[in-house]
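Asker: Quick one: structure below, then a few questions.
The values are calculated or read from the model by the stated rules, or taken from the named source; none is laboratory data. What you are looking at is a predicted structure, and each value in this text was computed from that prediction instead of being measured. Cβ coordinates were reconstructed from backbone atoms using ideal geometry, including for glycine residues, and neighbour counts include every protein chain displayed. All accessible areas refer to the heavy atoms of the entire protein, side chains included, with ligands and DNA or RNA removed. Shrake-Rupley method; radii C 1.70, N 1.55, O 1.52, S 1.80 Å.
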Amino acid sequence: MRVWPGKPFPLGAHYDGSGVNFALYSANATHVELCLFDSIEDIKEAKRIRLPERTDFVWHGYFPDLSPGQLYGFRVHGPYEPHHGHRFNPHKVLLDPYAKSIARNVRWTDAMFGYRVGHPQGDLSFDDRDNAAAAPLATVVDNRFRWGKDTQLRTPWHKTLIYETHVKGFTMMHPGVPKALRGTYAGLASSASIQHLQDLGVTAVELMPVHAKIQDRHLVDKGLSNYWGYNTLGFLAPDPSYSSKKDPQGCVNEFKQMVKKLHQAGIEVILDVVYNHTAEGNHFGPTVSLRGIDNSSYYRLVNGQRRFYMDYTGCGNTLNMLTPHVLQLIMDSLRYWVTEMHVDGFRFDLCSALGREAHAFDRLGAFFDIIHQDPVLSQVKLISEPWDLGEGGYQVGNFPLLWAEWNGKYRDCIRQFWRGDGGTMSEFATRITGSSDLYEHNGKRPYASVNFVTSHDGFCLQDLVSYNDKHNHANGEDNRDGDNHNLSWNCGAEGPTDNLQIRKIRERQKRNLMLTLLLSQGVPMIRCGDELSHTQGGNNNAYCQDNEISWLDWKLTTEDEKYLKFVKRAIRLWKNNPVFQRQKFFQGRQVGGTNALDITWLTPNGKPMSDSDWNEQHARCLAVRLEGAMLDEVDEKGRQIVGNTFLLLLNAHHHPVDFTLPPHRDNEFWKPTLDSCESTPASGLMCQGQVYRVSAHGMAVLRLKSVASRVAARLLRWIQPEMSSSVLVPEADEPDTAAETAADAIDGKETVPAKPVEEAAERKTQETDTAVEEPVEEESADPVAPAEEAEATATENPEVADDETDDAIEPPADDDDGAEEEEPPKK
């Protein structure tokens, strides 16, 4: 076979149309051999050829007789000296770290380890058994693909709604996806999958790791698997287990086709990537790739004890971000996924580990500097998981410009507030308005905060309101794994229950959490299945459950259907109203010379919040008015943004609370839009001073609505003098009613046409109420206070009597409520 010197760049296997160039970096190797295989069933390479050249520690050679589809690996020669950090073993076929497709994954045998498993000297021993029959094999691919006009969508951050999902789990049980495509890239790109995403209204999918991974040997021995995929084998290769195509080239093309179809549907693709560690684990792990290529160059080793690895990740090792070629590997991988695979951004797992220099996290470190100056990577979405497991690893709010962050403080505070914990009001207000305490001081915008209540790591939303404790026995670790700090509340019973009252509270809590998430400033992220009321049976660490525990169940009950409909309406409300998508933080200033502030915090009696109100430990309810005329913000064409004004009423108490509606102009009224109780919001209009009753554990959204003229407004008040003192309670839930249909029409800033005087006089004669519907008693609710008592209730005591409570157990106290820094969950 002909072998030419070739070039040291690009690294990996590169087909140029005439032949294949191979290049591998290893600073401490003595020589490198290319191993060519004819089939994935081969137990030994067909040819072994020494790479002829070394340039700047890159071993390379060009093979004019090779083409795409060729299977290959490397044998790397050098010293086996674990005490000095070297673990070369030429008896092991190694995977190219730049492999773009993997034809065969690891087949577990003791030969996959560089040392003798079970030897008294442990990893200091040397294993001379050949692993060619079990080693993972890479494939040369052809990058050509018909993209047409496809490109990154570049959806503005403030208009982004992220849907975190798993390629396999999303479609594995979807009845609308062809069986042959379920659990695959093609399945996620199927019409049924895309239709659900479009109907829901998300703008981006954040895919849990799709880099090729290894199934951990200890999980395989237990009959489990690494379902989540945070165990990277190849940084440039899509995981072949998610492909409906059996050939390696087909896997790459199927991934590209998925991205193309999602883009056509207006949906961005963000990848959850793991560059902080690899699947090779600690010093007792297998020799699969980087460990055998150049262990001391690719991994961070303990100073003075180079046999061992620095472990900031809890996964056994940490990549060495101080080495230029490790940074190059990561940057080349990221650019490949953007330029060749057309993805729109990345979420970086345990990102603090990537920012560690000598030891501590450095927001000005080399990793961030390189990305910031890169003309490709600096223009895509960059999201950090801002913690790792090392000392000082919790870095929420400390990442540099261009970076958004998973806001763990938002998650914890929202859970605490709706669980009914006291002393959370002030922080709650900060979190739902964009977490200015974390991001405003360093020049960031509200969309630097990726808000979430649930994610893959921890309870799903249904379980968050159904379990006080984790139930991870299926993981085979005696329920020791997973986080114990869940801030959950089961609403009165652990797990499934037939108690209708408890189930009603759970449904309300789900609505509260989802509606709060969507209407908070920042970028909302929904965990897949939360809109379907998916449950994992209380398992908050289902990383190894590749089964019905993790797969979404698309068979919905009537209760589930109602909740899904609510979520879709809430998303439409978020999407159609720019006040929920602000690009700048609230300032509490007057707007346009009026008396209205951009944001106003109110007590239930309609008065502005005082310092004592904010510091009241027992307070669990508040209201907030969001002004729709955002004179300090403009759209893409420089036009001033003027939208709807909203009033949010939030009650985390165990009893209903009456909220007195705040003042407005003479030609304006408050219109109920959404209510988290199991009801349809009233379709009428309400005046300032009128009382809206929010149910226990409830949240309501009202929109400020204008009539066409002041004359019409005066007529409305003249024919309805009782508006100023009546109490409004949401209607009982009736599907497909006219009121529900009207509430769905939330596009744009609506106005009410002026009524002719004759029509108003006729209605006055008939003594009918055209602006506000009569109070309707909520099913199973306590009686509404008489109208004549409502005003006194609102002014003297905004909260109703203590005996008007939900028949449920109060949330458990959490010992760590006052902790400043959270412990990141282990994967």
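Asker: Report the residue count in segment 644-683 for those that are open to solvent by 10 Å² or more (accessible area, probe 1.4 Å) and either of a type in the set (D, E, K, R) or assigned to a loop (DSSP other than H, G, I, E, B) (or both).
Answerer: Residues meeting the conditions: 13.
Asker: Continuing with the same structure: If you go through segment 112-129 one residue at a time, how many are open to solvent by 10 Å² or more (accessible area, probe 1.4 Å) and closer than 27 Å to P238 by Cα?
Answerer: Qualifying residue count, segment 112-129: 1.
Asker: Check D65 against each of (1) farther than 20 Å from A134 by Cα; (2) without any contact (Cβ under 8 Å) to a residue 40 or more places away in the chain and name the one condition it does not meet.
Answerer: Among (1) farther than 20 Å from A134 by Cα; (2) without any contact (Cβ under 8 Å) to a residue 40 or more places away in the chain, the lone unmet condition for D65 is (2).
Asker: Right, another one. Quick check on this structure: which one of L161, L224, L181, L188 is closer than 28 Å to W554 by Cα, open to solvent by 30 Å² or more (accessible area, probe 1.4 Å), in contact with a Ser or Thr (Cβ under 7 Å, 6 or more places away or on another chain) and at pLDDT 95 or above?
Answerer: L181 is the lone residue from the list that is closer than 28 Å to W554 by Cα, open to solvent by 30 Å² or more (accessible area, probe 1.4 Å), in contact with a Ser or Thr (Cβ under 7 Å, 6 or more places away or on another chain) and at pLDDT 95 or above.
Asker: Starting from segment 33-50, take each residue that is farther than 15 Å from L95 by Cβ and of a type in the set (A, V, I, L, M, F, W, C) and list its partners that are modelled with pLDDT of 95 or more and open to solvent by 100 Å² or more (accessible area, probe 1.4 Å), counting only C-beta distances under 6 angstrom and pairs at least six apart or across chains.
Answerer: Filtered contacts from segment 33-50: A46/D38.
Asker: Here's a follow-up. Just to check your reading of the model, which residue among G73, G118 is part of a loop (DSSP other than H, G, I, E, B) and at pLDDT 95 or above?
Answerer: So the residue among G73, G118 that is part of a loop (DSSP other than H, G, I, E, B) and at pLDDT 95 or above is G118.
Asker: I've got another one for you. Tell me, yes or no, whether segment 203-222 has at least one residue that is at positive phi and touching a Leu at 6+ places or on another chain (Cβ under 9 Å).
Answerer: There is no residue in segment 203-222 that is at positive phi and touching a Leu at 6+ places or on another chain (Cβ under 9 Å).
Asker: Only one of these is within 19 Å of D150 (Cα to Cα) and at pLDDT 95 or above: K245, K260. Name it.
Answerer: K260
Asker: Considering each residue of segment 275-295, count those that are touching a strand residue (DSSP E or B) at 6+ places or on another chain (Cβ under 6 Å) and either buried (at least 24 other Cβ atoms within 10 Å of the Cβ) or in a helix (DSSP H, G or I) (or both), and give that number.
Answerer: Adding up the residues that qualify gives 7.
Asker: Further question: Looking at this structure, is C491 hydrophobic (A, V, I, L, M, F, W, C), open to solvent by 10 Å² or more (accessible area, probe 1.4 Å) and either in contact with a helix residue (DSSP H, G or I) (Cβ under 6 Å, 6 or more places away or on another chain) or on the phi < 0 side of the Ramachandran plot (or both)?
Answerer: In short, no.
Asker: Examine segment 475-483 for a residue that is touching a residue at least 24 places away in the same chain (Cβ under 8 Å) and closer than 23 Å to C413 by Cα, and state whether such a residue exists.
Answerer: The answer is yes, given that some residue of segment 475-483 is touching a residue at least 24 places away in the same chain (Cβ under 8 Å) and closer than 23 Å to C413 by Cα.
Asker: Right, something else. Only one of (1) farther than 18 Å from D388 by Cα; (2) modelled with pLDDT under 95 fails for H359. Which number is that?
Answerer: All conditions pass for H359, except number (1).
Asker: Would you check if E616 is of a type in the set (D, E), closer than 30 Å to N490 by Cα and open to solvent by 20 Å² or more (accessible area, probe 1.4 Å)?
Answerer: Here the answer is yes, as E616 does meet what is asked.
Asker: Looking at L262, L271, can you tell me which residue is aliphatic (A, V, I, L, M), open to solvent by less than 10 Å² (accessible area, probe 1.4 Å) and either without any contact (Cβ under 8 Å) to a residue 40 or more places away in the chain or under 25 Å from I549 (Cβ atoms) (or both)?
Answerer: Checking each option against the conditions leaves just L271.
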